[in-house]
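Note sheet for the following structure.
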Amino acid sequence: MREQAEADLAETMEDATNGFGLFVTLQSPEGLSAALVGLTTDISFVIDPETGVAVSGRTASVTLRISSIVEAGFAGLPRAIANPTEKPWVVVFADIGGTAHTFKVRESNPDRALGVVVCILEVYAP
């Protein structure tokens, strides 16, 4: 059943024409880059959970199939790079108006049961 669920992801989240997928560029710290399709979010409104007050912020994420990352030739999954002097994993995708935005991976949450990795992103200016 898990294999079928993972296969169904190709139709739901990787269909950029008729489905929910969006073209994404993923780049490793070593410079390997690949065009993938995944699910993205980029929301510019956050509520402080402690006070309930609206604060200005930005939350972005990308969800990619692990099998697509492996097929693209990456040696590992995207992850946060703690050392600021090292190159991060980079994700680029366009907003609804077509403007490209560049992010780095701040957190990586693989779901190996379903076969996806959810990356929490932050704005990145190389």
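So which residues in region 86-97 are over 19 Å from Leu32 (Cα atoms) and either within 10 Å of the chain's Cα centre (by Cα) or at pLDDT 95 or above (or both), if there are any at all?
From region 86-97, those over 19 Å from Leu32 (Cα atoms) are 94-97; that's our starting set.
Ala94 - this is the single residue of region 86-97 that is over 19 Å from Leu32 (Cα atoms) and either within 10 Å of the chain's Cα centre (by Cα) or at pLDDT 95 or above (or both).
Of everything in region 2-52, what is at pLDDT below 80 and at positive phi? Give them in sequence order.
Listed by number, the list holds a single entry, Gly52.
Only one residue in Pro78, Pro29, Pro49 is part of a loop (DSSP other than H, G, I, E, B) and under 21 Å from Glu6 (Cβ atoms). Which one?
Numbers: Pro29 fails: under 21 Å from Glu6 (Cβ atoms); Pro49 fails: under 21 Å from Glu6 (Cβ atoms).
When all the criteria are applied, what remains is Pro78.
Among the residues of region 1-35, how many are touching a helix residue (DSSP H, G or I) at 6+ places or on another chain (Cβ under 9 Å) and closer than 15 Å to Gly76 by Cα?
2
So that you can scan it fast, the table gives a plain yes or no per residue for (1) more than 12 Å from the chain's Cα centre (by Cα); (2) free of Cβ contacts under 8 Å to residues at least 24 places away in the same chain; (3) closer than 24 Å to Gly19 by Cα:
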{"site": "Ile43", "(1), (2), (3)": "yes, yes, yes"}
{"site": "Pro49", "(1), (2), (3)": "yes, yes, no"}
{"site": "Val55", "(1), (2), (3)": "yes, yes, no"}
{"site": "Ile66", "(1), (2), (3)": "no, no, yes"}
{"site": "Asn83", "(1), (2), (3)": "yes, yes, no"}
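The values are calculated or read from the model by the stated rules, or taken from the named source; none is laboratory data. Computed from a predicted model, the values in this text were never measured in an experiment. Heads up, the Cβs are rebuilt from the backbone with ideal geometry, glycines too, and the neighbour counts pull from every protein chain shown.
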